[in-house]
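Report on the structure given below.
Read the figures in this text as sums done on the coordinates, not as results from a lab. None of these values were measured; they are calculated from a predicted model. Positions of Cβ are generated from backbone atoms using ideal geometry, with glycine treated the same way; all protein chains shown enter the neighbour counts.
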Ligand code: FPP
Ligand code: MG
Ligand code: MG
C-alpha cells in the first residue's frame with residue numbers, strides 16, 4: 001500500500017513539474033509580434049485545468065527514466081499536448097460561434113475569426129516545432145492523433161451519414177476529437193520515460209476511455225451547468241446531438257412532445273441554409289432537458305464508463321501515480337465545470 005508520506009512526496013514532485021510546465025507554456029508561444037504574442041497567450045492565461053499536461057506527467061511515472069533529461073522531455077511533451085489542445089479551441093470557438101472560453105472573451109470575438117484561426121495555426125506550429133525534440137516515434141504518434149482529431153471534428157460538422165446509428169456516430173466523434181489527444185497525453189508520458197510498449201498501450205487505452213468520459217461529462221455539463229466559463233446550450237444551438245439529447249429523443253412519453261419538437265432535426269432549410277434553433281427555442285429546450293430523466297441516464301452511463309476506465313489500470317504497479325490516475329476517473333465524473 002501507499003503511505004501518506006509517499007503520496008505527499010509524489011504530489012510535491014508533480015506540483016513542481018506542473019509549475020515548470022506552466023511557465024514554459026507561456027514562453028513557448030512568445031513571438032516577436034506583439035499582437036500575436038498577446039493573442040496566443042490569451043486562452044492559455046484565461047485558465048484551464050491543464051488536464052492533458054497532468055496526464056503526460058502521470059504517464060511518465062511508469063517508465064524507468066526519471067532523471068532531469070527525462071523530466072525535460074516530459075515538460076516538452078506536456079507543452080505540446082496543451083498547445084495542441086488550445087489551438088483546437090481557437091478553431092472550435094470559431095466553428096461554434098462561441099463568445100466565452102475559460103470565463104474570458106473568446107479569441108474570435110476579441111480579434112475576429114481570421115486572426116483566431118491563424119493564432120490557432122500558430123500554436124499548432126509552435127507545438128510541431130517542440131515536438132521534433134521528442135524523436136520520430138513520438139512524432140508518428142502525434143501525427144496519427146492529429147489525423148483523428150481533425151477527422152473527429154469533420155465528422156461532427158458533417159453529421160451522421162444515412163443509415164448510421166446517431167449514437168455510434170456521436171461516440172466515434174468523441175473518441176476522435178477528444179479521446180485521441182488524451183490517449184496521446186498518457187502515451188507520450190510513458191514513451192518519453194522509456195516505458196515498454198505494453199505499458200504505453202495500456203496507458204493509451206486508459207487515456208482513450210478517460211477522454212471519452214471527459215467529453216461525455218462536458219456534453220452533459222453543456223446542458224446542466226451555468227458555471228463552465230462557456231455559454232450553456234452551445235451544442236443545442238449548433239445542432240450537435242449529444243448523449244442526453246440522443247437519449248431524450250428516444251422517449252415515447254406524450255409529456256415529452258414539446259421537447260421532441262424542439263429537438264427535431266436542424267439541417268438543410270428550404271432556402272438551402274441550415275435551419276438553426278432560435279435563442280428562445282434553445283432556452284426552452286435547455287429548461288426541459290434539465291428536468292428530464294435523460295440527464296440521469298447519461299450520468300449513469302458516464303459512471304459505468306469511468307469505472308471501466310479505472311479497471312484498465314489494474315495491471316499497473318500500485319503506487320501514488322496509479323492512485324492519481326484512478327482519482328481522475330472520479331473527478332471527471334463529478335466535475336461541474
Ligand atoms: C471541442 O469540442 C473541440 C475539440 C475537442 C476538437 C476540435 C478540433 C479541431 C478544431 C481541429 C484541430 C485543429 C488544430 C489546428 C489544432 P466542443 O465544442 O464540444 O467543446 P467545448 O464545449 O469546450 O467548446
Ligand atoms: Mg465548442
Ligand atoms: Mg465544437
Failed condition for residue 48, given (1) within 16 Å of ligand 2 (Cβ to nearest atom); (2) part of a helix (DSSP H, G or I), with all others met?
(2)
Going through region 140-166 in order, the residues found to be away from ligand 2 (no atom under 16 Å from the Cβ), assigned to a helix (DSSP H, G or I) and surrounded by 15 or more Cβ atoms within 10 Å (Cβ to Cβ) are 141, 142, 145, 146, 148, 151
From the option list 88, 114, 60, 128, single residue qualifying as under 30 Å from residue 321 (Cβ atoms) and away from ligand 1 (no atom under 14 Å from the Cβ) is 60
Going residue by residue through region 91-105, is there one that turns out to be part of a helix (DSSP H, G or I), touching a strand residue (DSSP E or B) at 6+ places or on another chain (Cβ under 8 Å) and either touching a residue at least 40 places away in the same chain (Cβ under 8 Å) or closer than 24 Å to residue 227 by Cα (or both)?
yes
For the condition closer than 22 Å to residue 203 by Cα and either within 16 Å of the chain's Cα centre (by Cα) or surrounded by fewer than 21 Cβ atoms within 10 Å (Cβ to Cβ) (or both), what is the one hit in 15, 102?
15
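Residues that are surrounded by fewer than 17 Cβ atoms within 10 Å (Cβ to Cβ) and at positive phi: which helices (runs of 4 or more DSSP H) entirely in region 225-337 hold 2 or more of them? Don't jump to the end; show me each part of the working.
Working: elements: 234-238, 243-249, 257-262, 279-290, 293-312, 320-334.
Helices (runs of 4 or more DSSP H) meeting the threshold: none at all.
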Identify, by number, the condition in (1) closer than 20 Å to residue 62 by Cα; (2) in contact (Cβ under 8 Å) with a residue 24 or more places away in the chain that residue 8 doesn't meet.
(2)
